[in-house]
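This report refers to the structure that appears directly beneath it.
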Amino acid sequence: MNSRNLKIFFVIGIVSLLNACVEVDKTLGLDLVPGNAMIDVEQDEFEIPVYTANIDSVVTSSTTVGAVGWLHQEPFGLFTAGSVFRMLPYTLGFDYGDGVQLDSAVLTIYVNSRTQLDTGNLSQPLSLYRLDRDLAYNTVYYNKSLKSGDYTAQVSNNYTYTGADTIKIRLEDSFANELLAATEDEMASDSSFLQEFKGFYLKADASGAAPGKGQVSYFDLTATYITVTYHHAGNDTARYFYYFIEQSTPNFNVYSHSSSSLSNYGNPLPAPAGTVYLEGLAGVKPYINFDHVRDSIANRLQQAGKDISKLAINKAELVVPVDYTTAEALDLCPFLLTLAYRDTTDAFTFLTDTYFESFGGTLNRSLQQYSFNLTYYVQGMFNNQKLYHTPARDMYLYPIYSTYDSYGSEVKLLDRSYYSCGIIKGSPHVKLKLTYTMLK
């Protein structure tokens, strides 16, 4: 073991003795401590100004999760969800044959999860519309990618969803007969079929949405299908043919929010508020300017006569308390948060620190707070170290979720599908707790 490594172990031992009740990041100074450094551990706490910012547009492309319904939750207002998807025949080249007669065509959706408020006497009219625009493969879609002129004709009969596990929407006979009349050329390939049947938009009517009511239903796009039941003239034997949503097709969800009035973010920034609002998807998000955080740390240390170039951070913990009035309101809070920023494509990506096991970000229901280990990020603001460095300074608290790849490794992703909301205690409650050393 070389002398440098011996020095690091010596440093860790001193830190443990001086600060036994504090969890200390053993990457003191992110491995930038010189071998001749003298170590004194200090702690400080900084109030962090947090604002409510309007996001408006986020990526909602999905090959697996569809969403439909509405929620009316104060103070966030009305939230609506709909789903855009394309369907393909189960068998290319299929021919219904001569003398075919329609019995019915039904879209079947299995609801596998929900976001709910009061669902007593739930009544959500659902309609299926025909797309009039092409969707392109390998294209990123946003919650506002669907425009009013992209769909026109309703192709479903009236249907009201009341909360069942299965949604069955009957298609209008006129549209179903178009499916039966598809030509051999139209049924020959996916691309030729999609030229005629471009896709669908499943929409919920929110005109009767009352405050405190509602449900958004989530379903597996890969398990959603249309069943066409038919028979031939002179033969009453029922036959079936199916249309499925292909996983590789460009599907996306359409979300609208009514929470923009909650935003207090502007340029210049106003005085921070005592209450900050958080919504998932394209709703409002808590915003933190980390240039301000860096300046606050630097100014305080410099006022104490400390050389900021000698700062080595043991741990930087951001603590964000939540505010709620009922257990149901706490249930709507995101389970897991991170800090995210807009990248060069105007989409969101998240802080590199999120990948570390020590990062945190989970809602602690007993302490009623989120906490984040931002050691790498905060240290990087002072030394521009290349390893794990995230240069962005405009950060938003953003819901994420964990999943696993085909190799069994955990993967964290921004949540593009599931609605959540919560109220954050703002100024002076949001804190950055800094454990650090000034190198000699």
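The values are calculated or read from the model by the stated rules, or taken from the named source; none is laboratory data. These numbers were taken from a predicted model, which means no experiment stands behind them. Positions of Cβ are generated from backbone atoms using ideal geometry, with glycine treated the same way; all protein chains shown enter the neighbour counts. The area values use the complete protein model at the heavy-atom level, side chains included, leaving out ligands, DNA and RNA. Shrake-Rupley method; radii C 1.70, N 1.55, O 1.52, S 1.80 Å.
Some points to look at:
- Taking the criterion of being acidic (Asp, Glu) and either surrounded by 14 or more Cβ atoms within 10 Å (Cβ to Cβ) or in contact with a His (Cβ under 7 Å, 6 or more places away or on another chain) (or both), the only residue of the stretch 191-211 that qualifies is 205.
- Checking each residue in the stretch 129-140 for being modelled with pLDDT under 95 and of a type in the set (Phe, Trp, Tyr) picks out only 137.
- Residues of the stretch 357-373 that turn out to be out of contact with any Lys or Arg (no Cβ under 8 Å at 6 or more places or on another chain) and either of a type in the set (Gly, Ala, Ser) or under 23 Å from residue 289 (Cβ atoms) (or both), as a count: 9
- Evaluated against (1) surrounded by 14 or more Cβ atoms within 10 Å (Cβ to Cβ); (2) closer than 28 Å to residue 118 by Cβ; (3) not β-branched (Val, Ile, Thr), residue 364 falls short on exactly one condition, (1).
- Options 355, 436, 404, 398: the member that is open to solvent by less than 40 Å² (accessible area, probe 1.4 Å) and more than 30 Å from residue 73 (Cα to Cα): 436
- With respect to (1) of a type in the set (Phe, Trp, Tyr); (2) open to solvent by 10 Å² or more (accessible area, probe 1.4 Å); (3) more than 18 Å from residue 178 (Cβ to Cβ), the lone exception for residue 218 is condition (2).
- Test for residue 44: is it in a strand (DSSP E or B), closer than 30 Å to residue 265 by Cα and over 25 Å from the mean Cα position of the chain (by Cα): yes
- Test: residue in the stretch 240-251 that is of a type in the set (Phe, Trp, Tyr), free of Cβ contacts under 8 Å to residues at least 40 places away in the same chain and part of a strand (DSSP E or B): yes
- Only strands (runs of 3 or more DSSP E) whose full extent lies in the stretch 321-423 are considered here, and the ones with at least 3 residues that are among the hydrophobic types (A, V, I, L, M, F, W, C) are 337-342, 394-404, 410-414.
- Subset of the stretch 378-397 that is modelled with pLDDT of 95 or more and touching a Leu at 6+ places or on another chain (Cβ under 6 Å) - its residue that is farthest from residue 276 (Cα to Cα): 395
- Qualifying residue in the stretch 288-307 (condition: in a strand (DSSP E or B) and closer than 30 Å to residue 255 by Cβ): yes
- Search result, residues across the stretch 398-440 that are under 18 Å from residue 283 (Cβ atoms) and more than 11 Å from the chain's Cα centre (by Cα): 421, 422, 423, 424, 426
- Of the criteria (1) out of contact with any helix residue (DSSP H, G or I) (no Cβ under 8 Å at 6 or more places or on another chain); (2) over 30 Å from residue 312 (Cα atoms), which one residue 284 fails: (1)
- Pairs are defined by a Cβ separation below 9 Å, a sequence spacing of at least 6 or placement on different chains, a first member in the stretch 212-231 that is on the phi > 0 side of the Ramachandran plot and touching a residue at least 60 places away in the same chain (Cβ under 8 Å), and a second member that is open to solvent by less than 20 Å² (accessible area, probe 1.4 Å) and among the aromatic types (Phe, Trp, Tyr); the pairs so defined are 214/70; 214/79.
- Wholly enclosed strands (runs of 3 or more DSSP E) of the stretch 91-190 bearing at least 3 residues open to solvent by 50 Å² or more (accessible area, probe 1.4 Å) and under 29 Å from residue 330 (Cα atoms): 100-116
- Count of the stretch 266-299 residues, restricted to those that are over 12 Å from residue 48 (Cα atoms), in contact with a strand residue (DSSP E or B) (Cβ under 7 Å, 6 or more places away or on another chain) and surrounded by fewer than 20 Cβ atoms within 10 Å (Cβ to Cβ), is 2.
- Here residue 390 fulfils each of the conditions (1) free of Cβ contacts under 8 Å to residues at least 24 places away in the same chain; (2) polar (S, T, N, Q); (3) under 17 Å from residue 294 (Cβ atoms) apart from (1).
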